[in-house]
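To start, the structure under review is shown below, and the notes come after it.
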Amino acid sequence: MLSNPTFWVLIATAIFVGLAIYMGAAKAVAAALDKRGEMIAAELAEARRLREEASALLAAYESKRKAAEAEAAAIVSAAREEAERLAREAEGKLSDFVARRTKSAEEKIALAEVQAEAEVRGAAAEAATRAAEAILRSQVDGKTGDALFASGLEEVRAKLN
């Protein structure tokens with residue numbers, strides 16, 4: 001046994017492990033492992049915190065997006081209502097314009113009718129006066145005829161105008 005190299009390797013390993021335990025290597029390894037575990041736990045806590053922040057940020061942006069969509073819908077709705085109102089106003093103004101133009105045209109037509117009627121009456125009165133003058137001149141001579149003609153002419157003009 002003392003000549004077996006495996007035996008001596010076993011003895012040297014046992015002495016080395018014993019010295020390492022006596023010198024506190026196990027405590028150092030345990031402390032290093034504990035420190036490494038604490039670092040991992042801190043990294044996990046940081047990851048959780050970052051995840052919660054990201055979730056809160058995502059929720060905030062989601063609510064902002066929904067608010068922006070609602071605002072956009074309200075703007076579109078208001079624009080649609082404004083366009084409808086403007087169309088109604090334009091239609092009302094157009095109908096008022098057409099009514100005014102129609103009334104103006106009717107007034108011009110009525111005025112033209114009145115003027116034409118007055119012109120026809122005037123022309124008829126003038127023609128009747130000339131015819132009466134011709135008839136009276138042929139039937140009545142002299143000053144009596146002129147006096148009758150003048151009085152008749154005044155009477156016809158007074159009645160026609």
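The values are calculated or read from the model by the stated rules, or taken from the named source; none is laboratory data. Note that the structure is predicted; figures quoted are calculated from it, not measured. FYI the Cβ positions are ideal-geometry reconstructions off the backbone, even for glycines, and counts take in every protein chain you see.
Checking the stated criteria, T6 turns out to be part of a helix (DSSP H, G or I), out of contact with any Pro (no Cβ under 8 Å at 6 or more places or on another chain), loosely packed, with under 10 Cβ neighbours inside 10 Å and without any contact (Cβ under 8 Å) to a residue 60 or more places away in the chain. Only one of the numbered conditions (1) modelled with pLDDT of 90 or more; (2) within 30 Å of R157 (Cα to Cα); (3) of a type in the set (S, T, N, Q) is violated by Q139, and that is (1).
If I filter the range 133-143 for residues that are in contact with a Phe, Trp or Tyr (Cβ under 9 Å, 6 or more places away or on another chain), among the hydrophobic types (A, V, I, L, M, F, W, C), in a helix (DSSP H, G or I) and surrounded by 10 or more Cβ atoms within 10 Å (Cβ to Cβ), do I get at least one hit?
Just the residues of the range 133-143 that are in contact with a Phe, Trp or Tyr (Cβ under 9 Å, 6 or more places away or on another chain), to begin with: 133, 136-137, 140.
If we keep only those that are among the hydrophobic types (A, V, I, L, M, F, W, C) too, we end up with 136, 140.
This time we only want the ones that are in a helix (DSSP H, G or I), so: 136.
Keeping just the survivors that are surrounded by 10 or more Cβ atoms within 10 Å (Cβ to Cβ) gives 136.
Scanning the range 133-143, I find at least one residue that is in contact with a Phe, Trp or Tyr (Cβ under 9 Å, 6 or more places away or on another chain), among the hydrophobic types (A, V, I, L, M, F, W, C), in a helix (DSSP H, G or I) and surrounded by 10 or more Cβ atoms within 10 Å (Cβ to Cβ), so the answer is yes.
Within the range 35-47, identify whether any single residue is part of a helix (DSSP H, G or I) and under 30 Å from M1 (Cα atoms), and answer yes or no. Checked the range 35-47: no residue is part of a helix (DSSP H, G or I) and under 30 Å from M1 (Cα atoms).
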